[in-house]
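Readers should treat all values here as calculations from the given coordinates under stated rules, not as data from a laboratory. Given the structure is predicted, the values throughout are model-derived calculations rather than measurements. Counting neighbours? That spans all protein chains shown, and the Cβs are built from the backbone with ideal geometry, glycine included.
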Amino acid sequence: SGFPAVVKKTLLKLGVPSAILEILFRWIDIHEECPKIPEAKGAISAIRNEAFFIPLYELYLTYGGIFRLNFGPKSFLIVSDPSISKHILRDNSKAYSKGILAEILEFVMGKGLIPADGEIWRVRRRAIVPALHRKYVAAMINLFGQATDRLCKKLDAAASDGEDVEMESLFSRLTLDIIGKAVFNYDFDSLTNDTGIVEAVYTVLREAEDRSVALIPFWEIPIWKDISPQQKKVSAALKLINNILDDLIAICKRMVDEEELQFHEEYMNEQDPSILHFLLASGDDVSSKQLRDDLMTMLIAGHETSAAVLTWTFYLLSKEPTVVSKIQEEVDAVLGDRFPTIEDMKKLKYATRVINESLRLYPQPPVLIRRSLEDDVLGKYPIKSTSKMESVRIGVGSTDLLNPRGEDIFISVWNLHRSPMLWDDADEFKPERWPLDGPNPNETNQNFRYLPFGGGPRKCLGDMFASYETVVALAMLVRRFNFQMALGAPPVEMTTGATIHTTKGLKMTVTRRVKPPVVPILETPTMNMEASASLS
Ligand code: HEM
């Protein structure tokens, strides 16, 4: 229709072959009718050697909420706009898959819940979500307390010896110990021991991170796979973890067979409250490979993410002693010297706001990855599920026409969370921006400018778990200790794998907190209570 159609008709009458007109006018259609997604040109070299989401932030300020980045023959759409993010993640989520992410993680997660798409994902999500019911989460809070207490003992020793501690690796071990018990009732005990299995977990994690930032998929090179020492090490580590998972599944199956407990909605075995136990008791009809993939997925999803949140929270706090004092005041009032319970969670309001704000400044992971499966419109821009149109437009050779694939999309949560267009004092750490009596901030009440746990059907299923885990650890640690950057500590800089790491660790000096003296009122009332409890 319109002017181009008139021209086309005229040319046809003049005897121009219709095949030529088709090609010509498809080109015109693309250029005239579709608004063009801005292209970030010549900026690609900036992506190397730095946490890659940093240059993407600069490009966002120049090119806006959606732009294209060409990377050799590859091209990515970078999305930093709340409403486009909402569209991709929630409103039209069925038109997107996990794309590159699934390809990269296949070696460790197989078809586990994070990479899986379509029917497999739907079935597994429906089976696993009920396992994280309220009673389970309440039991987990107890576990968070026990595990953090072990860390406190370690820090206590360091405080006595006047030794500095590297908190990033300690947080990684804390959350590994927690997630092992929580998901499959295995005590890695990594805060006290360096066993082969702990090393195997880290080997696999580092490999997943190396793969996600690699420019070429080195692991697909046929001979490399077999001769590279690193790849051999990874295979051995995977084999070790898989064997342990198989054993744990077998042990748990036996427990379930022997127990008398009836399965119900809030089913939980007190000795073993793990997600694995729930799944087996529910009669979850699943292959052992799929079950293992899901366990491995949750192990990884729930480990480095929480560790990174704690690391960056303590880094932020090292610069804001007044915020620390406010948390301490709250914790003293709510907990005193007790272990936290689920009832305390809604009372630790300020500590929760600190975690909310830490997740805004350091989202884990900093980008979400999708690939388009269908044609769609993002903002005012139509996109094609096959790159046919794109290869015509950007002039890539015809090979892409034979190998159609969707648009690869990075949703930059980092950009959303730090956009000067969306936030006042976007780069400042201000827990006070979240009112204490207001709702807990999430993607819905923040209209997709805040996505700490993603959004839509693929939203994190461990969000509650993770929030409580980090609040408990934060509360118990600042109750006992003061943390400062160690004298001569290396500067804290960012690097990225799946989550944001420091380049050289978070070296801190830990001192015992001097609390105001407690005036003794009664002699050891707890002992009397215990005595009477055991008598009755
Ligand atoms: C998915 C963040 C802890 C299990 C996600 C996603 C985010 C996220 C952003 C969405 C990914 C996407 O859309 O591509 C976090 C953060 C955590 C955390 C920041 C800690 C502070 C946990 C824990 C568990 C867990 C403790 C397990 C108990 C999962 C699973 C998915 C997921 C299974 C995939 C859900 C699906 O695709 O249906 N997480 N997570 N996460 N998370 Fe978490």
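The alpha-carbon positions of the stretch 79-158 define a convex hull whose volume is 193 Å³ per residue. The helix-only estimate of mean residue ellipticity at 222 nm for the chain, built from DSSP H runs of length n ≥ 4 each weighted as -39500 (n - 2.57), is -16500 deg cm²/dmol after division by the residue total. How many angstrom lie between the Cα centre of the stretch 440-507 and the Cα centre of the stretch 304-339? The two parts, judged by their Cα centres, are 11 Å apart. In whole Å, what is the distance between the alpha-carbon centres of the stretch 61-91 and the stretch 355-384? The stretch 61-91 and the stretch 355-384 have Cα centres spaced 7 Å from each other. Computed from the alpha carbon atoms alone, the convex hull of the chain holds 192 Å³ per residue. In a fully extended conformation the segment linking Leu21 and Glu343 would gain 108.8 nm over its present Cα-Cα distance, using 0.36 nm per residue. Using only side-chain charges placed at the Cβ, +1 for Lys and Arg and -1 for Asp and Glu, the dipole size of the chain relative to its Cα centre rounds to 1720 debye. Note that the stretch 100-245 shows a convex hull volume over its alpha carbon atoms of 138 Å³ per residue.
With 23 Å as the limit, the listed pairs Lys154/Lys515; Lys153/Lys233; Lys154/Lys346; Lys135/Lys430; Lys233/Lys507 have Lys153/Lys233; Lys154/Lys346; Lys135/Lys430; Lys233/Lys507 beyond it between alpha carbons. Label reach from Lys74 (point 7 Å along Cα→C-beta): in the stretch 99-122, amide nitrogens under 18 Å belong to 99-108, 115. Go through Lys36/Lys380; Lys319/Lys504; Lys225/Lys504 and tell me which ones have a Cα-Cα distance over 20 Å in this structure. Violating the 20 Å Cα-Cα cut-off are Lys225/Lys504. Straight Cα distances below 17 angstrom link Lys239 to the aspartates and glutamates Glu106, Glu199, Glu207, Asp226, Asp247, Asp293, Asp294, with same-chain residues fewer than 8 positions distant left out. Against the main long axis of the alpha-carbon atoms of the chain, helix 229-258 sits at an angle near 60°. As a proxy for reagent exposure, ranking Ser235, Ser318 by other Cβ atoms within 10 Å from fewest up yields Ser235, Ser318.
Under the simplified labelling scheme, the Glu259-Glu103 pair shows an inter-label distance of 4.2 nm, with each label point 7 Å from Cα along Cα→Cβ. Net length available on complete extension from Val286 to Thr10 is 93.0 nm, with 0.36 nm assigned per residue and the Cα-Cα distance removed.
Here the gap between Met494 and Arg134, fully extended at 0.36 nm per residue and compared with their Cα-Cα distance, gives a gain of 126.0 nm.
Dipole orientation for the chain: of the candidates Ser85, Gln262, Tyr186, Ser85 has the Cα lying most toward the positive pole (charges on Cβ; Lys, Arg +1; Asp, Glu -1).
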